[in-house]
1. Which of (1) modelled with pLDDT of 90 or more; (2) in a helix (DSSP H, G or I); (3) exposed (fewer than 15 other Cβ atoms within 10 Å of the Cβ) is the odd one out, the single condition VAL64 does not satisfy?
2. Run down GLY34, GLY91 and say which single residue is of a type outside the set (A, V, I, L, M), outside the structural domain of VAL15 (by the TED database) and surrounded by 10 or more Cβ atoms within 10 Å (Cβ to Cβ).
3. Name the single residue, out of those in the stretch 191-218 being more than 60 Å from the chain's Cα centre (by Cα) and either open to solvent by 70 Å² or more (accessible area, probe 1.4 Å) or at pLDDT 90 or above (or both), that is nearest to GLN166 (Cα to Cα).
4. Quick one: LYS161 ticks every box in (1) modelled with pLDDT of 85 or more; (2) open to solvent by 70 Å² or more (accessible area, probe 1.4 Å); (3) within 55 Å of the chain's Cα centre (by Cα) except a single one, so which number is it?
Amino acid sequence: MSKGREGPAAGAAAVLLRYLREQNRPYSAQDVFGNLQREHGLGKAAVVKALEQLAQQGRIREKVYGKQKVYFADQEQLPAASDEELRGLDGEIAALSAQLQALQQGCRQMEAELRELSGSMTTPEMAREVEELRKDCAGYADKLERIKSATNHVTLEEKEKVCSEQRLYCKEWRKRKRMATELLDAILEGYPKSKKQFFEEVGIETDEDHNVTLPAAV
C-alpha cells in the first residue's frame, strides 16, 4: 500500500522538477498548479506537497516572500552553459528586448488611438446630433422668415428718436441727482444724526434702495 501511494507522489515530483528546470524561473505553487493542472491533471495539494518535498531534499530552491513561497531550480545542479550558448542567449535577449520595445510602442499608439476614439461620437450619436441641428436650423429659418415678413418694423428714424430721448432723459437724471446730492450734503453738514437716519425721517428713497442703475452715457 505504501508503495502504491508513493507512485503518484514520485511522478508528480518528477514532473515538477523537470518543469522547473526547463523553465528555469521562480514560480509559486499556485503558478505551477495553474500551468500543469490541465496537461498532467495534478491536484493543488499534490503540487504543494511535491514542491515542499523537493525543497526539503535539496533538489530545488525555496524562497519566502511575506506569506508566499516561490520555488525554482537549483542553479548548481544545472549544466553550465558554454560560451557559444551564452552568446546565443545574449543574442536572444537582445532580439526579445527589441521585440518588447516594438510591442510597447505599438501599445502606446493603440492606447492613444483608443483615447481619441473614446472621446469621439459614435455614428448613431452623430446622426442624432445632425438631426437636432437640422431641426434647430429649420426653427431659426422659420423665425427669421416671420421677422422679415412682419409689418411693424421699427424704422431707423423711430429708433434714433427713442435713443435721442433716452440720452436726454439720462442727462436730466444725472443733473437732478447731482443737484439733490449737493443739497443733501449741505443739509447733513449741520444735521446732528447720521445720513441714514436723516433719509428715514424725511422719507427719501435713493436709486440704490430700488436697485436702479443709471445707464452709461452714450
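The values are calculated or read from the model by the stated rules, or taken from the named source; none is laboratory data. Owing to the predicted nature of the structure, the values given are computational and were not obtained by experimental measurement. Methodologically, a virtual Cβ is constructed for each residue, glycine included, from the backbone with ideal geometry; neighbour enumeration extends over all protein chains shown. Calculation scope for accessible area: heavy atoms of the full protein, side chains included, ligands and nucleic acids excluded. Shrake-Rupley method; radii C 1.70, N 1.55, O 1.52, S 1.80 Å.
1. The one condition VAL64 does not meet is (2).
2. GLY91
3. My answer is VAL202.
4. Result: LYS161 fails condition (3) only.
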